[in-house]
Amino acid sequence: MKPEVPLAAGGAPALLRERGQREVFCGLTGIVWLHRKIQDAFFLVVGSRTCAHLLQSAAGVMLFAEPRFATAIIEERDLAGMADANEELDRVVDRLLARRPDIRMLFLVGSCPSEVIKLDLSRAASRLSVKHAPQVRVLNYSGSGIETTFTQGEDACLAALVPELPASTATTPELMIVGSLPDIVEDQFLRFFDEMGIGPVRVLPPRQSVALPPVGANTRFLLAQPFLGDTARALEDRGAVRLPALFPFGAEGTFEWLHAAAQNFGVDEMRFRAVVATARERASRALERPRAKLEGKTIFFMPDSQLEVPLARFLKRELGMVPLEVGTPYLHRAHLAQELKALGPEVLLSEGQDVDRQLDRVRAQRPDLTVCGLGLANPLEALGLSTKWSIELVFSPVHGFDQAADLAELFARPLRRRDMLKV
Amino acid sequence: MQLTLWTYEGPPHVGAMRVATAMEGVHYVLHAPQGDTYADLLFTMIERRGKRPPVTYTTFEARDLGGDTAQLFQTAAREAYDRYRPQAMLVGASCTAELIQDDPAGLAEAMRLPVPVIPLELPSYQRRENWGASETLHALVRALAKRDVVRTPREGRRPRANILGPTALGFRHRDNLVEVKGLLAALGVDLHLVAPLGASPSDIATIGEADFNILLYPEIGDTTARFLERQFKQPVVRTVPLGHGATCDFIREVAEVAGVDPAAALGVGSRMPWWSRSVDSTYLTSKRVFVFGEANHAIAAARVARDELGFEVCGLGGYNREFARELRAAAAEHGVEPLITDDYLEVEAAITAAQPELVLGTQMERMIAKKLKLPCAVISAPVHVQDFPARHSPLMGFEGANVIFDSWVHPLVMGLEEHLLTMFRDDFEFHDAAGPSHLGAGHASHAGVESVPETPAANDVQGWLPDAERELLKIPFFVRGKARRNTEAFAAERGITAISVETLYEAKAHHAR
């Protein structure tokens with residue numbers, strides 16, 4: 001059941017656009033990792049019981065610590081005008097900040113209902129910022145499902161941070177890594193840049209909201225994640241320049257990503273290669289084991305995190321997998337230009353979703369592995385199809401040389417498990 | 001607006017999904033923005049269902065709002081019908097779609113689908129999950145039940161009952177149902193149908209053919225039971241068979257309504273009475289338990305705690321206001337203030353203040369208990385993946401009473417160990433700080449919670465002198481909270497500001513009387 005799609009132009013893959021039921025998380029889900037990354041920030045969703053239930057279901061079942069997120073649930077009396085929504089919000093924020101005096105930055109996060117009733121969270125954020133200054137800075141962004149899909153929530157959050165960044169007075173180029181990475185991976189990258197003599201290197205988001213990185217005309221930035229379109233544009237508006245590169249997944253992607261910075265910062269080619277040689281070689285060696293399991297296996301990506309294109313490129317080129325369809329909720333052509341070229345023309349790309357039709361294709365093609373969201377994984381497994389739940393790909397350290405094999409192993413494990421089980 | 005860290009119930013459309021997913025041949029078309037599809041994972045991940053819930057979401061986006069979201073709804077409904085060919089369809093809106101007022105009911109009616117289409121009006125900003133499930137079951141039964149059924153005379157046949165309430169994603173519904181079916185078999189009562197779990201619309205059509213209804217989960221089936229009582233004159237068995245005593249009451253109630261002999265069914269019995277009477281259980285006497293959960297579960301649990309385990313109920317509450325009246329009555333019977341709230345922070349404060357020795361609650365209270373380092377057993381929804389064990393693990397019926405004994409007693413320190421801890425509290429590996437020895441390292445670390453402050457100033461608020469504070473630490477951790485509370489209450493009553501060792505023992509003597 002191959003869908004008919006227009007022939008691809010040039011070397012890029014063919015693209016199928018679909019419109020139907022989308023089985024994706026909304027942008028609120030990003031809070032699940034963002035609240036762990038920025039350790040003095042709190043995320044307050046202004047939304048409905050559904051929003052609270054989503055966060056709890058997507059995250060709560062995994063986290064038993066006191067979370068740094070909550071929901072201000074809109075009630076009937078807020079809608080009926082019996083209560084002033086802004087006064088109510090102020091009251092909720094007061095109660096929250098009294099409970100968590102350690103919080104330095106509060107994000108008011110817009111949701112579908114708050115967008116539809118046009119609750120102005122940016123005005124609320126300014127008002128509350130004044131009220132709680134200098135202790136707490138209050139910002140806002142929208143993670144609503146009518147505007148954002150899953151990882152776009154992080155994009156909206158980081159884009160909201162950009163206007164807050166101090167102006168850089170640097171007279172020589174400075175590097176910024178953009179996109180939240182696990183601390184261990186971030187530290188690995190910082191060591192590489194240090195050894196190459198590139199510095200200072202800043203990261204967005206920072207681990208502490210009180211240490212926002214400066215930005216200006218001398219800022220060069222590398223995107224660590226492929227879903228940061230709005231953040232990149234906001235940084236460019238402040239004069240920063242994006243360094244185009246493959247994303248740092250796998251040995252090849254990491255090499256090219258680091259290389260893009262090295263070249264821009266005039267690092268001597270021999271020195272660059274000397275700095276990365278050991279880790280790159282180690283990564284290639286570590287990939288041999290998962291490659292034995294994955295080579296020649298077919299893989300189908302349901303749209304989810306926007307990581308699909310770079311991951312398909314990694315799995316195809318470094319592990320010999322065969323991507324049947326690479327679905328993505330949104331295709332950012334400019335940021336993925338190198339990725340699409342590397343992925344090659346014989347792969348079917350799909351943007352948007354009609355989940356029923358897409359599942360028809362999965363059932364017809366019976367891929368060796370399907371990457372999908374939590375709602376679809378067990379129903380596919382019950383049909384005898386191996387799956388990898390995509391949420392793990394945004395929750396685990398998967399970037400960089402030393403995580404390349406871990407990333408591959410995430411795909412190999414479901415297949416290995418299938419071989420092991422005798423029940 | 002309500003500040004919510006954790007929510008006890010989902011929105012009402014999730015309740016509707018629990019009903020639709022429980023049934024066969026039903027499809028639910030939900031007008032909802034993208035992102036609301038997260039609800040599928042409740043069923044596929046938490047309950048480990050191997051099928052997607054029978055739900056089509058319209059998943060509109062911002063750009064659709066300017067255009068025709070009504071058209072989007074009709075397209076989704078048409079495609080869902082063509083693909084799934086259900087016997088009946090449910091249509092409704094989630095919280096966001098409720099605001100844009102597209103009227104799914106009217107839109108669906110205009111489509112003239114060849115099957116019954118049942119509109120659901122579930123106000124998301126007022127109501128919650130259980131109410132949504134209850135309303136959905138009621139709407140289905142009202143729409144589908146054949147009104148003109150004539151029950152065959154009772155003479156010469158066995159009595160027939162419906163069971164109302166079990167759904168998908170229910171707390172132990174699967175296993176409880178097995179037990180209750182067993183009780184009915186032992187009573188010689190035939191099961192006509194279970195609704196909604198496993199029923200199809202054509203089954204529901206015949207619901208009036210049963211002689212009576214068994215209301216297993218009032219939070220889901222009460223409205224429907226009342227409707228059936230009016231419509232078909234079907235009496236309702238209302239005792240929830242949770243615990244040994246309630247199971248016996250349930251058997252007697254069914255026997256009376258059905259006109260059968262309860263003796264055989266009662267004869268099965270559970271091990272609970274003897275396990276509770278055997279001397280090993282003496283140490284359970286008057287342990288203070290805080291009970292919180294879905295109101296009907298909490299009420300039943302409080303009865304078991306007091307009457308069947310010999311605990312003292314020191315707090316009783318529920319999160320669903322629909323059953324506030326019943327909960328207040330039960331709290332009055334136990335002599336405690338009822339706690340009726342769905343505010344997690346309020347529950348946390350109440351448990352902290354009560355200083356119980358055991359918490360019987362939901363997964364939320366499990367988190368609170370973990371934070372306060374109290375033992376806890378889970379007695380009600382909201383559910384967690386661990387609430388769907390592979391093994392048979394009912395809470396209802398006689399086997400349920402056995403399971404309750406094990407699972408509520410297990411988190412506590414065992415009888416003899418309790419004495420040894422008091423006698424030899426400085427043993428380097430068998431001591432207070434190690435926690436119950438059968439629970440492993442994860443449950444340890446009671447140490448440090450209440451170490452003696454080096455500077456007495458740190459404890460000024462409590463008025464504890466250092467000697468008294470050190471003496472308090474010699475009391476094992478599982479009763480220390482109670483001792484501290486009793487002593488402080490005693491001191492406060494007498495206007496004592498500095499608590500000494502003497503005060504501690506005065507208080508002990510006072511409370512012993």
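Per residue, how big is the convex hull of the protein assembly as shown when only Cα atoms are used? Give it in Å³.
Residue-normalised Cα hull volume stands at 202 Å³.
For chain B, the longest stretch holding no chymotrypsin sites (Phe, Trp or Tyr not before Pro) located in a DSSP loop with at most 15 other Cβ atoms within 10 Å is which?
The answer is B:1-423.
When all C-alpha to C-alpha distances in region B:90-170 are sorted into bins of 5 Å, what percent of pairs does each bin hold, rounded to whole numbers?
3, 11, 17, 18, 17, 12, 8, 6, 4, 2, 1, 0
With the Cα gyration tensor of region B:214-287 giving a ≥ b ≥ c as the square roots of its eigenvalues, does the rule (a/c under 1.5 for rounded; else a/b larger than b/c for prolate; else oblate) give rounded, prolate or oblate?
Cα axes put region B:214-287 in the oblate bin.
Using DSSP loop states and a limit of at most 13 other Cβ atoms within 10 Å to flag GluC sites (Glu not before Pro), what is the longest stretch of chain B containing no flagged site?
My reading of the result: B:156-428 is the longest stretch.
State to the nearest 20 debye the size of the charge dipole of the protein assembly as shown about its Cα centre, where the only charges are +1 on K and R beta carbons and -1 on D and E beta carbons.
With only Lys, Arg, Asp and Glu charged at Cβ, the dipole is about 1520 debye.
As I understand it, the dipole of chain B uses +1 on the Cβ of Lys and Arg and -1 on the Cβ of Asp and Glu, about the Cα centre. Which of B:ASN296, B:ILE163, B:SER500 lies farthest toward its positive end?
Going by the Cα projections, it comes out as B:ILE163.
Using only atoms on other chains, find how many Cβ atoms lie within 10 Å of each Cβ of peptide A:139-145 and report the average.
Average per residue, whole number: 3.
Please give the Cα centre distance for region A:157-205 versus region B:356-400, rounded to the nearest Å.
What the calculation gives is 45 Å, centre to centre.
Quantify how much of the Cα-Cα distance distribution of region B:360-406 extends past 12 Å, in percent.
65
Can you give the percent of C-alpha pairs in region A:298-359 whose distance is more than 18 Å?
Of all Cα-Cα distances in region A:298-359, 26 percent exceed 18 Å.
Give the Rg/Rh ratio for region A:243-288, taking Rg as the radius of gyration of the Cα atoms and Rh as the Kirkwood radius, to two decimals.
Taking Rh as the inverse mean 1/r over Cα pairs, Rg/Rh reads 0.99.
What's the average, rounded to a whole number, of partner chain beta-carbon atoms within 10 Å of each residue's beta-carbon in B:51-63?
Mean number of neighbouring Cβ atoms from other chains: 5.
Would you count, across chain B, every pair of lysines whose alpha carbons are under 23 angstrom apart, provided the pair is eight or more residues apart or spans two chains?
Taking chain B as the scope, the lysine pair count is 17.
Can you put B:MET364, B:MET17 in order, fewest other beta carbons within 10 Å first?
If I rank by nearby Cβ atoms, fewest first, I get B:MET364, B:MET17.
Only Lys, Arg, Asp and Glu count, each charged at its Cβ (+1, +1, -1, -1), so figure out the dipole size of chain B about its Cα centre, rounded to 20 debye.
Value, rounded to 20: 1300 debye.
Quick one: what does P(r) look like for chain B with 10 Å bins over all Cα pairs, in whole %?
In whole percents, the pair-distance histogram is 4, 17, 25, 22, 15, 10, 5, 1, 0.
Cα-based Rg (one decimal) and Dmax (whole number) for region B:121-258, in Å?
Rg then Dmax for region B:121-258, in Å: 14.6, 51.
In Å, what Rg and Dmax follow from the Cα atoms of region B:284-367?
Answer for region B:284-367, Rg first and Dmax second: 11.3, 33 Å.
Can you give the mean number of other chain Cβ atoms that lie within 10 Å of the Cβ atoms in peptide A:16-27?
Mean shielding by partner chains, rounded to a whole number: 5.
With viscosity set to 1.002 mPa s at 20 °C, what whole-number translational diffusion coefficient in µm²/s follows for region B:319-400 from Stokes-Einstein and a Kirkwood radius over Cα pairs?
151
Thinking of region A:137-195 as a set of Cα atoms, what percent of all their pairs are more than 15 Å apart?
65
How big is the charge dipole of region A:287-414 about its Cα centre, in debye rounded to the nearest 20, if each Lys and Arg gets +1 on its Cβ and each Asp and Glu gets -1 on its Cβ?
Dipole size: approximately 260 debye.
For chain A, what number results from the quotient of the Cα radius of gyration and 2.2 N^0.38 Å?
Compared with the compact-globule rule of thumb, chain A sits at 1.01.
Any idea how far the Cα center of region B:1-55 sits from the one of region A:368-384, in Å?
Result: 18 Å between the Cα centres.
So what is the calculated 222 nm ellipticity per residue for chain A, using -39500 (n - 2.57) for each DSSP H run with n of 4 or more, over all residues, to the nearest 500 deg cm²/dmol?
-13000 deg cm²/dmol
For region A:12-150, give the share of DSSP beta bridges that are antiparallel, in percent and rounded to the nearest 5; count only bridges with both residues there.
5
Counting GluC sites (Glu not before Pro) as exposed when in a DSSP loop with at most 15 other beta carbons within 10 Å, what is the longest stretch of chain A free of them?
My reading of the result: A:5-294 is the longest stretch.
Please report the spacing between the Cα centers of region B:339-354 and region B:80-124 in Å, no decimals.
Here the two parts' Cα centres lie 38 Å apart.
Rounded to the nearest 500 deg cm²/dmol, what is the calculated helix-only ellipticity per residue at 222 nm for chain B, with -39500 (n - 2.57) per DSSP H run of length n ≥ 4?
Value at 222 nm, helices only, nearest 500: -13000 deg cm²/dmol.
Every read-out reported here was derived from the displayed coordinates using simple, explicitly stated rules and does not represent laboratory data. Computed from a prediction, not measured in an experiment: that's the story for all the values here. Neighbour counts run over all protein chains shown; Cβ positions are idealised from the backbone, glycine included.
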